[in-house]
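Take a look at the structure below.
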Amino acid sequence: MPLLPEDEKHLTAAQGFSELGMFLDANEELEQIDPEVRHLPGVLAVRVGIFRALEAWPLMQVVARQLALHETDEPQWTISWAYATRRADSLDAARLILVNAVERLPGVAVFAFNLACYEAQLGDVASAKAHLRRAIELRGDLRLRALEDEDLRPLWDAL
């Protein structure tokens, strides 16, 4: 069931409020959408952004997980799920999400890159280096990002 024009208006308003940093207003707009279609990816994607901005990690975790499991071809949802899990539960729980993602889709550079970040934060420098090396093999532009990502600081210190 697609969004009806009235629901589209609420979704557009929510996106606009989000862009303005008015996240509670954005969420109120999403609450005006017919409950039968609130599960659609476009609606959930806006919710993920709202929950991230509000640092509502458990809520973001639930919504991002749902998106990751239903839109498996969109890596951002798995990254968002792991990020929220890191904050809501633990770094190790987030790491497991990415381990599974790398096993399932080994050619997705952002999975390897983020796994390198989490491994570095957990103190496994050797594993972090291996995942970072793989990420850079897949996407060379990640080399520069690695030099700026604070999660990889343990790697910098190891060099």
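One table, with the values for the structure above:
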| item | result |
| --- | --- |
| FRET efficiency for Leu147 and Leu122, using Cβ-Cβ distance with R0 set to 25 Å, rounded to 0.05 | 0.75 |
| Ranked packing of 55-63, 96-104, most packed first, by mean Cβ within 10 Å | 55-63, 96-104 |
| Solvent-accessible area, 1.4 Å probe, carbon plus sulfur percent, for the range 1-102 | 55 |
| Mean Cβ neighbour count within 10 Å, used as a protection proxy, ranking 110-120, 2-12, 80-90, 140-150 highest first | 110-120, 80-90, 2-12, 140-150 |
| Sum of side-chain charges, Ala120 neighbourhood, beta-carbon under 12 Å (Lys, Arg +1; Asp, Glu -1) | -3 |
| Using θ = phi - 60° and Karplus 6.51 cos²θ - 1.76 cosθ + 1.60, couplings along the range 32-38 (whole Hz; Gly, Pro as x) | 7, 6, 3, x, 5, 10, 5 |
| Cβ-placed point charges (K, R +1; D, E -1), dipole of the range 39-146 about Cα centre in debye, nearest 20 | 200 |
| Per principal axis, descending, Cα span of the range 116-159 in whole Å | 24, 18, 17 |
| Solution diffusion estimate, µm²/s, Stokes-Einstein, the range 39-159, Kirkwood Rh from C-alpha pairs, 25 °C, viscosity 0.890 mPa s | 170 |
| The range 4-159 - percent relative contact order, Cα under 8 Å, separation 6 or more | 12 |
| Computed [θ] at 222 nm, helices only, for the chain once each DSSP H run of length n ≥ 4 contributes -39500 (n - 2.57) | -22500 deg cm²/dmol |
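The values are calculated or read from the model by the stated rules, or taken from the named source; none is laboratory data. Please read all numbers here as calculations on a predicted model, not as lab measurements. For neighbour counting, all protein chains shown are included, and Cβ atoms are generated from backbone atoms with ideal geometry for every residue, glycine included. Accessible surface is based on the protein model in full, side chains and every heavy atom, while ligands, DNA and RNA are left aside. Shrake-Rupley method; radii C 1.70, N 1.55, O 1.52, S 1.80 Å.
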